[in-house]
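Chemist: Have a look at this one.
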Amino acid sequence: MNRLAFLVTASTLVFGTDAAFAQANMPPSARPAASDTVEDIVVTARKVSENLQSVPVAVTALNGAALANASIRTTNDLQSQVPNLYIQKSSNDPQAFYVAIRGQKQDDLPLTLDPSVGIYVNGMYVPRTYGLASALVDLDRVEVLRGPQGTLYGRNTTGGAISFFGKDPTDKLGASVDVTGGNYGAWNVVGILNAPLGDGIGLRIVGQRGEHDGYGHDALGRDLDDEASTYLRATLKSRIGSRVTATLWGDYSKNKTGGLIAKFAGISQGSPPGGAATIEAAAENGDLSNAGIGAAIGQLQSYTRTNGFYDTNGTARGASRYEGEKAGLDVKADLGGGITLRSITGYQHFRRTAGGDLDGTPVNILTSLLGTYDRYLSEEVQLLGGNKRFNWVVGLYGGDERGKEYSVNTILADINPGNPNDFDAFVRNRSGAVFAQANWEFIDGWRLTGGARYSSDRREIISLNTNAGVCVVPAPGVESTPPGDSQCPRTFKKTFSKPSWLASIDHQFTRDILGYAKVSRGYRTGGFNYRGANEAETFASFQPEIVTEYEVGAKTELFDRHLRFNVAAYHDDYRDIQRSITVPTSGGAPATIVTNAAKARINGFETEATLRVSHQFTLNGSAGLTDAKYKKFVDLTGDRSGEHFDVPKWTASAGARLTQPTGWGEAALQADLHWQSKVYLVPSAPTLSQVTQDEYGLLDLRATLDLDRWNAQIALFGKNVTDKHYLASAISLESALGYNYVVPGEPRTFGIEITKRFGGI
């Protein structure tokens with residue numbers, strides 16, 4: 001284990017344990033009051049409300065107060081609080097991100113590829129991560145489940161699930177206004193209104209509007225990675241009679257940015273160095289002689305240097321736009337006899353475009369325009385029941401997704417006659433599942449849990465891919481076009497069906513110590529490649545990937561509940577792993593395709609600790625290990641069995657919170673440090689050093705003062721306060737075009753936040 005990770009975790013836990021032992025040995029009259037103990041956390045990880053410490057599942061829960069105290073403003077910030085969670089900015093669109101848990105990671109974002117980690121909003125499955133980066137407004141809590149979710153959750157996933165729960169209306173009239181200002185011209189306003197509308201009926205409305213200037217600039221001085229965002233949400237909750245509760249909610253979000261910071265990272269080491277990119281630069285310079293090629297090599301190498309870490313040498317204008325809506329209806333009916341019927345109906349729709357310079361140079365190597373239009377309908381019905389000894393849930397799930405995905409690329413503008421390369425597909429994904437799970441306390445303190453699910457996923461694409469306006473989809477029975485015939489549009493469809501399951505046993509050794517062991521299986525459905533060109537193999541289907549996970553864990557609260565310490569260790573048997581690769585085609589345009597090329601094993605563990613030193617001082621820490629190794633990895637490019645996974649092996653965090661009463665109200669200071677080990681952002685890159693991020697840590701600080709007289713709060717905050725420069729993501733196009741590019745992570749940001757509350761909110 002890296003020394004920094006060890007010190008972060010060990011210092012937090014050892015220091016915490018010594019303090020807790022000292023308090024535990026005090027005489028009863030001198031011990032702290034009950035309010036000095038760690039607080040109870042209630043989660044719904046198993047579809048019913050349970051104390052976190054009694055749930056035999058690896059889950060991290062953060063309530064609204066914890067999110068605010070840690071200045072968690074975006075989904076990306078969650079990884080600073082959750083072990084083995086890795087959230088990565090998309091390498092071609094700042095409106096999207098990749099999520100990995102325990103090494104399970106979706107490495108591409110088209111509609112034809114399902115995620116490894118499921119995202120849920122108010123119990124409704126959200127199939128795409130577009131537009132979710134900054135939607136953490138007025139949340140009740142976030143729950144992060146680690147490990148395969150193959151039984152209880154709406155979609156089968158191999159890595160885990162992240163569930164966001166917005167705050168419900170209450171029976172008190174109230175409102176609040178939150179105003180934030182910071183560097184990079186940042187400003188943000190959030191308004192909340194809570195209104196009781198009658199007996200058992202409440203309405204809560206949330207609105208957010210904010211902007212910040214660009215973190216970087218292109219060669220023409222235009223902003224990159226700036227943002228303007230709007231978010232609205234309304235929730236109506238009503239009791240219908242004495243047994244039925246219905247919650248109707250909807251949201252709207254709109255985000256726009258000036259484009260991605262894509263920095264030229266370097267050229268390939270082929271002959272000539274830089275490959276096709278070098279030839280393109282020489283052609284644009286009008287000199288394809290050996291001397292001209294040499295000059296072009298030096299020209300490209302110079303683009304690895306810019307005046308600032310967040311600036312690029314690109315000249316093509318970039319932009320990213322997202323607009324979307326979601327709506328859900330959650331109805332719960334008490335049928336009597338301890339049985340509850342629940343229905344979750346969902347509707348989602350979004351449209352997004354992203355485009356710009358994807359080489360970070362003034363040379364016309366690669367410019368791209370990406371677009372997605374998507375609509376998703378879902379319905380989940382659950383029947384829950386049981387008693388003190390035996391609880392069960394059975395249910396049905398159905399989802400229907402229809403959309404259009406396109407990518408228009410200009411590749412090597414002066415030397416490629418096949419421009420533009422247009423990947424264009426209509427997509428329809430239909431999913432259905434039946435599931436059941438039960439837990440039984442067969443002896444006092446001993447429980448068995450078993451669950452099973454059968455899923456069927458229908459995948460269909462209609463491809464209209466062209467190069468220079470010419471169809472490049474091989475007709476049925478044709479291996480390559482040309483010389484064989486092409487067919488646009490052409491339909492590809494296939495159904496994938498798999499069972500998944502879970503079995504666990506847990507024992508409550510004492511009131512404060514729970515141990516468990518479980519084995520579970522999850523799968524991620526197969527699909528079709530939509531970015532194919534010329535060769536039939538680039539349109540081939542890929543099969544589901546499957547993970548079987550073995551896990552043991554313990555949840556403890558020690559020393560009069562001053563220390564909460566949870567630990568889990570796991571082993572994953574990971575088969576038919578879906579991986580994206582870029583391959584050349586006979587038409588000259590590279591194609592990015594998904595294949596099932598690998599088997600792997602993943603070993604790891606997670607620890608989480610919270611120490612309540614006193615009523616005013618709290619420490620917390622976590623550490624996670626993801627030790628992933630391919631057993632076999634062979635694809636169209638050769639044997640890649642020694643390749644790394646594109647996630648950090650180690651993650652660790654440490655935090656401290658100190659509060660102090662004052663004449664104005666409570667003052668608080670919180671510090672949070674998140675550290676991760678080296679990441680090979682594109683493990684398949686021939687020149688790996690160009691796309692590798694070494695270990696680094698980020699420090700966040702927040703100081704608050706409650707102004708009780710005015711029912712207000714003022715806060716000063718800083719994110720990445722040491723201004724650490726690090727890479728968030730990268731793309732390797734060495735084999736196809738001769739270069740790599742990288743995307744920087746966010747710089748230091750700081751500001752002031754003022755919140756004013758009215759009434760009983």
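The values are calculated or read from the model by the stated rules, or taken from the named source; none is laboratory data. Computed from a prediction, not measured in an experiment: that's the story for all the values here. Methodologically, a virtual Cβ is constructed for each residue, glycine included, from the backbone with ideal geometry; neighbour enumeration extends over all protein chains shown.
Chemist: Among the residues of the range 355-393, which ones are of a type in the set (Gly, Ala, Ser) and in contact with an Asp or Glu (Cβ under 8 Å, 6 or more places away or on another chain)?
Modeler: Selection gives 371, 378.
Chemist: Specify the residue that is farthest from the chain's Cα centre (by Cα); the eligible residues are those in the range 87-108 that are aliphatic (A, V, I, L, M) and over 17 Å from residue 577 (Cβ atoms).
Modeler: Ranking the candidates gives 96 first.
Chemist: Looking at (1) part of a strand (DSSP E or B); (2) surrounded by 22 or more Cβ atoms within 10 Å (Cβ to Cβ), find the lone condition where residue 61 falls short.
Modeler: Unmet condition: (2).
Chemist: Search the range 71-90 for residues that are more than 28 Å from residue 714 (Cβ to Cβ) and modelled with pLDDT of 90 or more and pair each with any residue that is assigned to a loop (DSSP other than H, G, I, E, B) and of a type in the set (D, E, K, R) when their beta-carbon atoms are under 8 Å apart and the residues are at least 6 apart or on different chains.
Modeler: Note: pairs meeting the criteria are 84/102.
Chemist: A follow-up question, please. If a residue must be crowded, with 21+ Cβ neighbours inside 10 Å and not in a strand (DSSP E or B), how many such residues does the range 360-383 contain?
Modeler: 5
Chemist: Then there's this: Could you list all residues from the range 168-193 that are more than 24 Å from residue 223 (Cα to Cα), free of Cβ contacts under 8 Å to residues at least 60 places away in the same chain and under 25 Å from the mean Cα position of the chain (by Cα)?
Modeler: 190
Chemist: Among the residues of the range 654-683 satisfying the criterion of being touching a Phe, Trp or Tyr at 6+ places or on another chain (Cβ under 7 Å) and among the polar types (S, T, N, Q), which is nearest to residue 616 (Cα to Cα)?
Modeler: Only one residue fits best here, namely 676.
Listed here are the residues, each with its yes/no results for (1) in contact with a strand residue (DSSP E or B) (Cβ under 8 Å, 6 or more places away or on another chain); (2) farther than 30 Å from residue 297 by Cβ.
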{"site": "333", "(1), (2)": "yes, yes"}
{"site": "344", "(1), (2)": "yes, yes"}
{"site": "360", "(1), (2)": "yes, no"}
{"site": "363", "(1), (2)": "no, no"}
{"site": "367", "(1), (2)": "yes, no"}
{"site": "393", "(1), (2)": "yes, yes"}
{"site": "402", "(1), (2)": "yes, yes"}
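Chemist: Let me ask you something else. Any idea how many residues of the range 417-429 are part of a strand (DSSP E or B) and in contact with a Gly (Cβ under 7 Å, 6 or more places away or on another chain)?
Modeler: 1
Chemist: In this structure, is residue 218 over 22 Å from the mean Cα position of the chain (by Cα), among the charged types (D, E, K, R) and surrounded by 16 or more Cβ atoms within 10 Å (Cβ to Cβ)?
Modeler: So residue 218 passes the test.
Chemist: Additional query: From the list 748, 709, which residue is over 21 Å from the mean Cα position of the chain (by Cα) and closer than 21 Å to residue 654 by Cβ?
Modeler: After applying the criteria, what remains is 748.
Chemist: For residue 234, only one of the following conditions fails: (1) aliphatic (A, V, I, L, M); (2) under 16 Å from residue 184 (Cβ atoms); (3) surrounded by 17 or more Cβ atoms within 10 Å (Cβ to Cβ). What is its number?
Modeler: It is condition (2) that residue 234 fails.
Chemist: So for the range 237-258 (the condition being β-branched (Val, Ile, Thr), under 30 Å from residue 303 (Cα atoms) and either crowded, with 16+ Cβ neighbours inside 10 Å or more than 25 Å from the chain's Cα centre (by Cα) (or both)), does at least one residue qualify?
Modeler: The answer is yes; a qualifying residue exists.
Chemist: Say whether the condition of being of a type in the set (Ser, Thr, Tyr), more than 23 Å from residue 58 (Cα to Cα), touching a Gly at 6+ places or on another chain (Cβ under 8 Å) and at pLDDT 95 or above is met by at least one residue in the range 106-113.
Modeler: no
Chemist: Look at residue 468 and say whether it is out of contact with any Gly (no Cβ under 7 Å at 6 or more places or on another chain) and of a type in the set (A, V, I, L, M, F, W, C).
Modeler: So residue 468 fails the test.
Chemist: Any residue at all in the range 312-325 that's outside any helix (DSSP H, G or I) and farther than 25 Å from residue 370 by Cα?
Modeler: no
Chemist: Looking only at residues in the range 385-408 that are surrounded by 16 or more Cβ atoms within 10 Å (Cβ to Cβ) and among the acidic types (Asp, Glu), which one is farthest from residue 489 (Cα to Cα)?
Modeler: My answer is 401.
Chemist: Could I ask something else about it? Only one of these conditions is not met by residue 317: (1) surrounded by 15 or more Cβ atoms within 10 Å (Cβ to Cβ); (2) in contact (Cβ under 8 Å) with a residue 24 or more places away in the chain. Which number is it?
Modeler: With (1) surrounded by 15 or more Cβ atoms within 10 Å (Cβ to Cβ); (2) in contact (Cβ under 8 Å) with a residue 24 or more places away in the chain applied to residue 317, the lone miss is (1).
Chemist: What number goes with the only condition from (1) out of contact with any Gly (no Cβ under 9 Å at 6 or more places or on another chain); (2) closer than 30 Å to residue 394 by Cα; (3) surrounded by 15 or more Cβ atoms within 10 Å (Cβ to Cβ) that residue 330 does not pass?
Modeler: (1)
Chemist: Could you count how many residues in the range 259-288 are within 22 Å of residue 90 (Cβ to Cβ) and without any contact (Cβ under 8 Å) to a residue 24 or more places away in the chain?
Modeler: 0
Chemist: Further question: What are the residues in the range 261-302 that are surrounded by fewer than 24 Cβ atoms within 10 Å (Cβ to Cβ) and outside any helix (DSSP H, G or I), if any?
Modeler: 266, 269, 270, 271, 272, 273, 286, 287, 288, 289, listed by residue number.
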